[in-house]
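Heads up: the structure comes next, in structure tokens.
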Amino acid sequence: MHVNRPHDLLPALLLLACMPLAWAQAEDTFQLGAGYSIQTDSNIYRLSNSAIAQGGRASAAERISRSSLGLNVNKPYSLQRFKLDVNLVDSRYENARYLSFVARNASAAWLWSYTPKLHGSLSSSRKESLNNFADNPTFNVRNERTEIIRKFDAIYELGAAWHVLSGLSSVAQTSVLPLAAEGDTSTNVGDLGLRYVWASGSTLTYTYKNTKGTYTNRTVQPLTLLDDGFRQQDNGLALHWLVSGKSTIDLSAAYISRTHPHFTQRDYSGFTSSASLNWDISGKSSLTASLTSDLASYQDTTTNFTRTNRLSLGPTWQISSKTAVSLRYDVALRDYLDAPGGLPGNQRSDVIRDASLVLDWQPYRNLSLRTSVQNAKRTSNQIGLDYNSNMASFAAKYSY
């Protein structure tokens, strides 16, 4: 249970304030940071205009302030490197005060190397956040999500060109209120791969991934065809192409197959793909662009999975050594597919647009400032699922 009093962070603030500045020396092995941001959101619940009116609300506007404290450790030792990142984020909501909470996030990693040719990483992370209101409309209750990820991976370089890859990981996702369409899950993943490395640095990688998942908040439910687990296999190819010193292209494609032990009506399979470009147009301007097509589980009475086709564009202009302006535009078409009963119906289809403008300014080495404006919009063929939200924010971060 999270405590919501604003003074929750005071002990950590005093501790960080008392630590000597000498910690920042020795190649910045230790780095302390503090930040503050304020954000306005015209539609925090991601509701349609009609839903706002029916709920008796004058508006769904909100102002959110966030205070953060962090410690980062990055320590090399011989062939090894150790990393630690601990972060507290205190979010305060002005109107919907029940949403206020302190997120305790942490990650640790050991970048190990047995020999220069045999190396990898061992890592663990924990992240706390609020579930997205766009797909999980829960009101008057703070629905927090906790995600814990543990990973081990290894690379063995057979020679100058060929590398063998392997990995094991586990992911646990839990929410205060179970999400019917997604569900709390615990997954264990094993993967094997083979990579070819060109002298230019470009790579071609094949990966096989085997996933076993359990829905931790479910029992088998014959009436709704909701299972208690699943299996998934992925076969994928990924090309990282260094086109020139100023541009890189990443291409990937995978075939995935998900099966369920009790209800084959929930099984699905298909291809996913992505293509992205990073281009340094000039010394002061760059462009990132991507096109992706993904599959994701989404289980209700009319849907087994979603396919999301997304286009993203992000130009950046480095005005000076201390100031940069960036734009980002995303548009996604999300189709809710494959009714489990096999009956034809009015399948849901959404168009999601997100546009933002960001100004970054670093007046001093240890101080970073950011201001942004953003618009998020969804239109759907289902009644009551449209929304439009305008956001503005200002953030400051100090580190030493």
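SER91 meets all of the listed conditions (1) open to solvent by 30 Å² or more (accessible area, probe 1.4 Å); (2) assigned to a strand (DSSP E or B); (3) within 25 Å of ILE352 (Cβ to Cβ) but one, namely (1).
Filtering the stretch 169-188 to residues that are open to solvent by 40 Å² or more (accessible area, probe 1.4 Å) and touching a Leu at 6+ places or on another chain (Cβ under 9 Å) leaves ALA180, ASN188. Just one residue in the set LEU287, LEU295 is open to solvent by less than 50 Å² (accessible area, probe 1.4 Å), part of a strand (DSSP E or B), touching a Pro at 6+ places or on another chain (Cβ under 6 Å) and under 26 Å from LEU333 (Cα atoms); that residue is LEU287. Criterion applied to ASP350, ASP386, ASP354, ASP330 was being closer than 29 Å to SER252 by Cβ, open to solvent by 40 Å² or more (accessible area, probe 1.4 Å) and not aromatic (Phe, Trp, Tyr), and the one residue passing it is ASP354. The C-beta contact set for the stretch 352-379 (first residue outside any strand (DSSP E or B), second residue open to solvent by 50 Å² or more (accessible area, probe 1.4 Å), distance under 8 angstrom, 6+ apart or interchain) comprises ASN366/TYR398; ASN366/TYR400.
With respect to the conditions (1) more than 26 Å from PHE263 (Cα to Cα); (2) buried (at least 17 other Cβ atoms within 10 Å of the Cβ); (3) without any contact (Cβ under 8 Å) to a residue 40 or more places away in the chain; (4) not acidic (Asp, Glu), LEU204 lacks only one, and its number is (2). The number of residues in the stretch 57-79 that are of a type in the set (S, T, N, Q), open to solvent by 40 Å² or more (accessible area, probe 1.4 Å), in a strand (DSSP E or B) and more than 15 Å from ASN105 (Cβ to Cβ) comes to 1. Close Cβ contacts (under 9 Å, 6 or more residues apart or on different chains) running from residues in the stretch 289-318 that are under 29 Å from TRP279 (Cα atoms) and among the basic types (Lys, Arg) to residues that are part of a strand (DSSP E or B) and open to solvent by 50 Å² or more (accessible area, probe 1.4 Å) comprise ARG307/ASP294; ARG307/LEU333; ARG307/LEU337; ARG310/LEU291; ARG310/ASP294; ARG310/LEU333.
Among residues of the stretch 248-267 being closer than 17 Å to LYS212 by Cβ and in contact with a strand residue (DSSP E or B) (Cβ under 7 Å, 6 or more places away or on another chain), the one that is most open to solvent (accessible area, probe 1.4 Å) is PRO261. Taking the conditions exactly as written (within 30 Å of THR219 (Cβ to Cβ) and under 20 Å from the mean Cα position of the chain (by Cα)), does ALA109 satisfy them or not? So ALA109 does not fit the description; no.
Applying the selection to the stretch 209-232, what residues are surrounded by 14 or more Cβ atoms within 10 Å (Cβ to Cβ), in a strand (DSSP E or B) and more than 22 Å from the chain's Cα centre (by Cα)? Once the filter is applied, which keeps residues that are surrounded by 14 or more Cβ atoms within 10 Å (Cβ to Cβ), in a strand (DSSP E or B) and more than 22 Å from the chain's Cα centre (by Cα), the stretch 209-232 yields LEU226, GLY229, PHE230, ARG231.
The values are calculated or read from the model by the stated rules, or taken from the named source; none is laboratory data. No experiment lies behind these values; they were computed from the predicted model shown. Ideal geometry is used to build each Cβ from the backbone, glycine not excepted, and the neighbour counts take in all protein chains shown. To get the accessible areas, we keep the full protein, side chains included, count just its heavy atoms, and leave off ligands, DNA and RNA. Shrake-Rupley method; radii C 1.70, N 1.55, O 1.52, S 1.80 Å.
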